[in-house]
Amino acid sequence: MPTRFNLVLVFFLCFLTQQLTAHTTVKKAPVKVKGKVVRIIDGDTFELLVKKETYKIRLSAIDAPEKGQDYYQKSRQALADLIFGKMVTVELLNKDRYQRWIGDVYSSNNEYVNGWLIADGHAWHYTKYSKSAPLAAAEANARRQKLGLWAQANPIAPWLFREESKQIGNGKDRTGKKKGPKGKKGVRT
């Protein structure tokens, strides 16, 4: 026959276990949404219509050429050819500072769109935000085979292009030196 002490001890342990598990953070699985792609913004961003709500989606783990950069239009067109006007499934991972949903995108036949763009040379594996070995291997293979943007003599990564554009916008030339008036290099006042 259990003693009063044993009953109190069991009750206390049950209570403690319940309290500990109640405060344990469990990472939720990503939310999946299925919808129609209604707009291609660039090579790594598009709009998805789900019921009557539009989501702006930024493909996770990739970075595609920026507007004004070599291969921008071809990268954008590759994404459009693959998903524009079609039904896709997106695993919504989180929102970025621009309030876009970062997501893993799958075509109607369950093809991983993010990986396909890297494998065919239409985007870089964005290693600042992804440590995926399969995506790194896909990029290495595309480089070796000179697929897509890797056929260019000297492709510039979008993050370097953005940084350079930011410096030029701040009145500096490519070397980081201050420009003269109206952005003209070498003109002194």
For this session: Report yes if Lys52 is within 11 Å of the chain's Cα centre (by Cα) and without any contact (Cβ under 8 Å) to a residue 12 or more places away in the chain, otherwise no.
Result: no
Exercise. So is Leu20 surrounded by 10 or more Cβ atoms within 10 Å (Cβ to Cβ), over 17 Å from Ser107 (Cβ atoms) and modelled with pLDDT under 95 or not?
Worked result: no
For this session: Starting from region 31-47, take each residue that is over 13 Å from Val88 (Cα atoms) and of a type in the set (S, T, N, Q) and list its partners that are modelled with pLDDT of 95 or more and assigned to a strand (DSSP E or B), counting only C-beta distances under 9 angstrom and pairs at least six apart or across chains.
Result: Thr45/Lys56; Thr45/Ile57; Thr45/Arg58; Thr45/Leu59
For this session: Go over the candidates Ala138, Ala119, Ala151 one by one and state the one that is over 13 Å from the mean Cα position of the chain (by Cα), under 21 Å from Ile40 (Cβ atoms) and modelled with pLDDT of 95 or more.
Result: Ala119
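Can Ser130 be described as within 15 Å of the chain's Cα centre (by Cα), among the polar types (S, T, N, Q) and crowded, with 18+ Cβ neighbours inside 10 Å? So that I can check it myself, show each step before the final result.
On the way: within 15 Å of the chain's Cα centre (by Cα): yes; among the polar types (S, T, N, Q): yes; crowded, with 18+ Cβ neighbours inside 10 Å: no.
No: the conditions fail for Ser130.
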Exercise. So which residues in region 67-96 are outside any strand (DSSP E or B), in contact (Cβ under 8 Å) with a residue 24 or more places away in the chain and surrounded by fewer than 19 Cβ atoms within 10 Å (Cβ to Cβ), if there are any at all?
Worked result: Lys67, Gly68, Asp70, Tyr72, Lys74, Ala80, Phe84, Gly85, Lys86, Asp96
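For region 147-161, which residues satisfy the criterion of being touching a residue at least 24 places away in the same chain (Cβ under 8 Å) and either out of contact with any Ser or Thr (no Cβ under 8 Å at 6 or more places or on another chain) or not in a helix (DSSP H, G or I) (or both)? Spell out how you get there, then give the answer.
Initially, region 147-161 is screened for residues touching a residue at least 24 places away in the same chain (Cβ under 8 Å), giving 147-152, 155-159, 161.
Residues satisfying the conditions are Leu147, Trp150, Ala151, Gln152, Pro155, Ile156, Ala157, Pro158, Trp159, Phe161.
The values are calculated or read from the model by the stated rules, or taken from the named source; none is laboratory data. This structure is a prediction, so every number in the text was calculated from the model and none was measured. Virtual Cβ from ideal backbone geometry, glycine too; neighbours counted across all protein chains shown.
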